[in-house]
Amino acid sequence: MLPAIPAGVDLAFSKEDEKFRRSLRTWLRKHLPKRHDEIDGGEDLNFEGPAQIAAAKKWQRTMHDAGYVAIDWPKEHGGKAASAVRQTILAEEIVTHRAPGLIGQLGLHMLGPTLIRCGTAAQRKRFLPKILTAEEIWCQGYSEPGSGSDLASLRTKAESDGDDFVVNGQKIWTTTAHFADWMFCLVRTHADAPKHKGISYILIDMKTPGIEVRPLVQMTGQSGFNEVFFTDVRVPRSNLVGELHGGWAVANTTLAHERNMLANPMRTQQLMADLVRLAARRNDNGGKVSRDALVRQRLADLQIRVDMMKYHSWKQLSDEIHGRPASVGGAISKLVTTELNHEICATALDLLGDYGPLVGRSPHAEDRGLWPRDWMFTLGMVIGGGTSQIQKNIIAERVLGLPRGA
Amino acid sequence: MDFALNGDQELLAQSARAFLKAEASPSLVRRLWDDPVGHCSDLNAKISEQGWAGLLVPEAHGGLGLGMLDAAVLLTELGRCLAPSPFLSSSVLATSLLSFAGSASQKRSWLPRLASGEILATVAWLEESDRLDPTGTVLRARRARDRFRLSGSKLFVLDAHIADVYLVAARTAAGLGPDGVSLFAIPRGAPGLSLTPLEGFDRTRRLFEIKFDDVVVERDQRIGREGAAWKHLQRMLDVACVAIAAECQGGAEHALEMAVDYAKAREQFGQTIGSFQAVKHMAAECFAEIEPSRALLWYAAQAQETSNKEASRAASMAKARLGEVYARTTNKAVQIHGGIGFTWEHDMHFWFKRAKANEALFGSPAFHRERVAALSGW
């Protein structure tokens, strides 16, 4: 993957790591489903229908049996204790081979690491194995209609009643809730405490009476996320993760994971390569659009930023491997990469002219209508996982030391 | 894998920052701004004492034998404080060009003196057309028996008033293509040669027009083979891109630091302006551009260790990107300072002006983006 660069800055991975990459590639070529776009819900985990969900679960199981799922987890919990380098290689190869995304990734990237850090032995034993095998799919119950960027103002309440919590309230933008088996959820357990100190982190079985899931249609026309309503939903107290009222700290252990999930530099490189290919084959006013001076300027400007974020990710990876203190590299990656992805898609639409707005159903659509779909989807990613404005607050306050706002 | 500066480079950055903080303060920049020469020979002597003039010169020729990433580390610090120094023109550009193009004996003759700081050199390449492609070099060097005679002019020559010798690109054969361009080492006082300063808004760096009125050059003043200089100029262009990008990185970092410090102190509406999101986000946007650009700079600098297409592509990427980032950052930094940032008395305008001048130097962002496109095979 990496170009040949002379000694000085050492960009080579070890022989063992490159061997890992080679065997992963061989495995992917052999095992990738033939029509894998049919089981891929995309980055928004937008699985449609029982057949697609079943196929996606089977794909995760196949990956797991081969040892390529949750490789970052400790060995005693079913992972490989893989280094940051191996995780990067895995993420790169998954994207490069356009392998389907894992249907259980909220459990794999968010809940699993949280339970490993903050859960009880019983919780780990009960939940972790089925996260790995996709036998149980998780959704994340954080945002509420009145609590988006100001997540800590959330109002869904959980009152103690004997050995149970009784949950009432509403969650929103809940990806995969329409087929998830479980939800990890932030609820208010102390109404009078300061807002960050009255929140608890609980695990809710989605089959519990009193839960209603209503799909929300996204601007793409698809329904990847939902509203979830809770009416007197009983949750055993044993499903509390971490301390009572200590849920904010529990959730914060994995918020950085969400930022990283949304900013995969390899995905951006792939989008850019697709855009360059599109420009090379489109004709406009009698010539290839890639020969147009203004188009070349725009493409080069994008390519420069795409490459820059690749090198930025190398630097972050390098700092992690060598134990150097992390800066706010993650917030920068999320901010820059999500906006860059959207700009790449918007540029593709510009190059497509009247073909740009044609969606996948149209026989005239270019690239099976992926550009207009991704153009919309990528704007959602600018908002999801902490809006660009929230990332700027993080950078301004935590790095530049400017005063904290409200 | 380790994509980071090594221990020596970290040390170089720290010691250079401490040295320049003491020796190249904003008050020196301000004093030289109005000075007709704009050069501090005392500072230059101290820089030579540090060994920096020989940073890129091989040890065999009396230098430190370091690479472009080391030079970029130092240039970042020089750019941070706008150090009035011919380091870029002489120790980076002219030194690199001599190393690329010179014969073994020419290197033996020139490089030790450049490394010690005994002499300064500069490159005279661009002409009236301001074009970096082969058609921009039209100055003719006509052969007359064992000599060459040059008539014409060069523009945008850095530090020509203090350089002892000019490396002049001139045509020794007819045509406007890459073939037929040769290099000549011509001393500043050569008969028929005259200098005119170019009045520009960035007085931290002085540029000149050089007129050649039948300047006679001996054959042994020709650097390298006749008619074969173009590829060396191209490689020097890559070095210039990385060097200027490094200056931009340091300057942008410093301009943002000044703006953030000001935003923490200045109060309006009963609170520091840095508590307002409109100001915070301006600063955060600058930081989100500056921080990843350092990785691009490091990559481009390291890529120069081999001369290939990737070295040129990465260099142009860094030049295009860092130039614009520096210009945008200083624009925002002036705005965060408000009215005071617009005054002559405040130092902010030094960085604002240098940023825009750097953007133009050795190729605009648009020029380098087109170069990226061409080198990408689009």
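Bear in mind that the values in this text are calculations on the coordinates, not laboratory data. All of these numbers come straight from a predicted model, not from anything done at the bench. When we count neighbours, we look across all protein chains shown, and the Cβ atoms used for this are built from the backbone with ideal geometry, even at glycine.
A Förster radius of 30 Å combined with the Cβ-Cβ distance from residue B:306 to residue B:143 puts the calculated FRET efficiency at roughly 0.30. Peptide B:219-230 has a mean of 0 when you count, residue by residue, the C-beta atoms of other protein chains within 10 Å of its C-beta.
Per-residue 3J(HN,Hα) values for the stretch A:185-192, derived from phi via the Karplus relation 6.51 cos²θ - 1.76 cosθ + 1.60 with θ = phi - 60°, read 9, 9, 9, 8, 10, 9, 6, 9 Hz in sequence order (x marks Gly and Pro). What angle do you read, to the nearest 10 degrees and between 0 and 90, between the alpha-carbon axis of helix A:84-96 and the longest principal axis of chain A? Here the helix axis deviates by roughly 60 degrees.
Placing pseudo-labels 7 Å out from each Cα toward the beta carbon at residue B:218 and residue B:133 gives an inter-label distance of 3.9 nm. When the convex hull of its Cα atoms is viewed from all sides, the stretch A:138-246 shows a mean projected area of 6.6 nm². Could you sort out which of A:80/A:171; B:154/B:231; A:171/A:195; A:30/A:315; A:58/A:334 sit more than 27 Å apart by Cα distance in this structure? From the list (A:80/A:171; B:154/B:231; A:171/A:195; A:30/A:315; A:58/A:334), the Cα-Cα distance tops 27 Å for A:80/A:171; A:30/A:315; A:58/A:334. What is the Cα centroid distance between the stretch A:187-205 and the stretch B:66-125, reported in whole angstrom? So the two Cα centres are separated by 63 Å. Computing FRET efficiency as 1/(1 + (r/R0)^6) for residue A:398 and residue A:324, where r is the C-beta to C-beta distance and R0 is 25 Å, gives about 0.90. Give, as a single signed number, the net charge of other residues whose beta carbon lies under 15 Å from the beta carbon of residue A:193, with Lys and Arg counted +1 and Asp and Glu -1. Around residue A:193, the charge tally is +2. To the nearest 20 debye, what charge dipole does the protein assembly as shown have about its Cα centre, counting +1 at the Cβ of each Lys and Arg and -1 at the Cβ of each Asp and Glu? Its charge dipole is roughly 1400 debye. Estimated purely from DSSP H runs of n ≥ 4, each contributing -39500 (n - 2.57), the mean residue ellipticity at 222 nm for chain B is -16000 deg cm²/dmol once divided by its residues. Panel order for A:321, B:223, by other beta carbons found within 10 Å of each beta carbon, from fewest to most: A:321, B:223. Across every direction, the projection of the convex hull enclosing the Cα atoms of the stretch A:263-399 has a mean area of 9.2 nm². Based on C-alpha pairs under 8 angstrom that are at least 6 apart in sequence, the stretch A:138-246 has a relative contact order of 30 percent. Under the criterion of Cα pairs below 8 Å and six or more residues apart, the relative contact order for chain A equals 12 percent.
Let me know the Kirkwood hydrodynamic radius for chain B, please, with Cα pairs as the basis and the value in Å to one decimal.
Hydrodynamic radius (Kirkwood, Cα pairs) of chain B is 21.3 Å.
Within the shell defined by Cβ-Cβ distances under 9 Å, the residues around residue B:312 carry a net charge of +2, with Lys and Arg each +1 and Asp and Glu each -1. Under 5 Å from the amide H of residue A:141 lie the amide H atoms of A:184, A:185, A:186, each residue being 5 or more positions distant or on a separate chain, with H modelled from the backbone and absent for Pro and chain starts.
What net charge do the residues around residue B:171 carry, taking every other residue with its C-beta under 13 Å from that of residue B:171, with Lys and Arg at +1 and Asp and Glu at -1? With Lys, Arg at +1 and Asp, Glu at -1, the neighbours total +3. Annotation for the stretch B:1-43 versus the stretch B:219-239: alpha-carbon center distance of 30 Å. Using C-alpha pairs below 8 Å separated by at least 6 residues, the relative contact order for the stretch A:263-399 is 25 percent. Assuming R0 = 41 Å, can you tell me the calculated FRET efficiency for the pair residue A:181 and residue A:280, based on Cβ-Cβ distance, to the nearest 0.05? Given R0 = 41 Å and the Cβ-Cβ separation, E is 0.35. On full extension, the segment bounded by residue B:198 and residue B:340 gains 48.3 nm, given 0.36 nm per residue less the C-alpha separation. The amide H of residue B:140, built 1.01 Å from its N in the peptide plane, has B:151, B:171 as neighbours under 5 Å, considering only residues 5 or more places off or on other chains. In this simple spin-label model, placing a label point 7 Å from the Cα along the Cα-to-Cβ direction at both residue B:17 and residue A:354 gives a separation of 5.8 nm. Distance between the C-alpha centres of the stretch A:83-153 and the stretch A:155-177: 20 Å, rounded to the whole angstrom.
Shape verdict for the protein assembly as shown, please, from the Cα gyration tensor: rounded (a/c under 1.5), prolate (a/b greater than b/c) or oblate. Prolate, since a/c reaches 1.5 and a/b exceeds b/c. With a simple spin-label model that places each label point 7 Å from the Cα along the Cα-to-Cβ direction, the separation between residue A:87 and residue A:51 comes to 3.7 nm. Going by neighbour counts of Cβ atoms within 10 Å, the residues A:131, B:210 line up, fewest first, as B:210, A:131. For chain B, the longest principal axis of the C-alpha atoms and the axis of helix B:7-23 are separated by about 80°.
Ordered by the count of other Cβ atoms within 10 Å of each Cβ, fewest first, A:94, A:395 give A:94, A:395. Under 5 Å from the amide H of residue B:2 lie the amide H atoms of A:10, A:11, A:12, each residue being 5 or more positions distant or on a separate chain, with H modelled from the backbone and absent for Pro and chain starts. Relative to the longest principal axis of the Cα atoms of chain B, the long axis of helix B:309-337 lies at roughly 40 degrees. Couplings 3J(HN,Hα) of the stretch B:202-211, computed from phi: 9, 8, 7, 9, 9, 10, 9, 9, 10, 9 Hz, in residue order, whole Hz [Karplus 6.51 cos²θ - 1.76 cosθ + 1.60, θ = phi - 60°; x for Gly and Pro].
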